[in-house]
Amino acid sequence: MSQSKQSKSPLRVSPQPTPPTITKSARTRAAILNATMDFVWTHPFRDLTVGSLMASTDVGRSAFYKHFTGLYEVMETLMEMLQGGIVDATEHWYTGVGDPTALLQKGLAGLVSVGYEQGPLLRSMVEAATTDERFEAIWNRFMESFDNTVTERIEADQAQGLIADFDARPVAIALNRLNAYTLIQEFGHHPRSEPQPVLEALARIWISTLYGTDRFGEKSSTLVRT
């Protein structure tokens, strides 16, 4: 069953630093970021303008340029937040010890949770990357950072005999692009799909590809990462 449409993003940016030292500037910057997330929650990035963005805040248009050079810088800031959230949610598989299939399942569950919460934002970043050369390069670096991490993890597991011997990087790139496309397809538009079937699909592909088709669906495997 799909989720009903929401008019605003549930994500919020809090002003930094923490109270009681929050300045007006910090509040304004947070308001701009939150207004951007609210807009792309229900609209394509191509419809976003500085005027429409600032009209939804309680500050004037001129305040925007005191904090950002343009809309793509706003999106870059939000991308950095998204990247941090994904890293935190998936670190179980990257750094954990024990059963690698269980660690991967947990990491993918974290990824799907982030994707469900931030799907429209992720979709808007891909849209932005198609309209600006500089932001396209930023998006490519964003994806490459995960390609590097997954490649290193595969190679480390290969060294322990947990994964078959193959060229890790092309597989890492393919799996990461699968993740990005799936999260955008399932969660980037309203109504969003239910998370559980998405998690099961990604887990089936990742675990079968890396650890063997017989490993998917096991409550625990005999594999042990040290």
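For residue 57, what is the net charge nearby, where nearby means another residue's Cβ is under 12 Å from its Cβ and Lys, Arg count +1, Asp, Glu -1? That sum, taken over residues with Cβ under 12 Å, equals +1.
Here the contact order of segment 129-187, divided by its residue count and restricted to Cα pairs under 8 Å and six or more residues apart, works out to 28 percent. For residue 24, a cut-off of 13 angstrom between C-alpha atoms picks up these aspartates and glutamates, skipping any fewer than 8 places away in its own chain: 58.
Just grab the label-to-label distance for residue 178 and residue 200, each label 7 Å out from Cα along the Cβ direction, in nm (one decimal). For residue 178 paired with residue 200, the spin-label model returns 1.7 nm. Annotation for segment 169-226: trypsin sites (Lys or Arg not before Pro) lying in DSSP loop with at most 13 further Cβ atoms inside 10 Å of their Cβ are 219.
Just to be sure I understand, if you calculate log10 I(q)/I(0) by the Debye sum over Cα atoms at q = 0.11 Å⁻¹ for this structure, which of [x] -0.70; [y] -0.51; [z] -0.62 do you get? Answer label, from the structure shown: [z].
In nm, what is the difference between 0.36 nm times the number of residues separating residue 26 and residue 214 and their Cα-Cα distance?
My answer for the length gained is 62.5 nm.
Under a 5 Å amide H cut-off, with hydrogens placed 1.01 Å from N, residue 225 pairs with 98, 99 among residues at least 5 apart or on other chains.
Taking every alpha-carbon pair under 8 Å whose residues sit at least 6 apart, the chain reaches a relative contact order of 26 percent. Excluding residue 185 itself, calculate the net charge of residues whose Cβ lies under 11 Å from the Cβ of residue 185, where each Lys or Arg counts +1 and each Asp or Glu counts -1. Surrounding charge for residue 185 is +1. Site pair residue 137 and residue 222 shows an inter-label distance of 5.2 nm when each label is modelled 7 Å from Cα along Cα→Cβ.
Bear in mind these aren't lab numbers, they're just calculated from the coordinates by the rules spelled out. Because the structure is a prediction, the values reported are computed rather than measured. All Cβ positions, glycine included, derive from the backbone under ideal geometry; neighbour counts span all protein chains shown.
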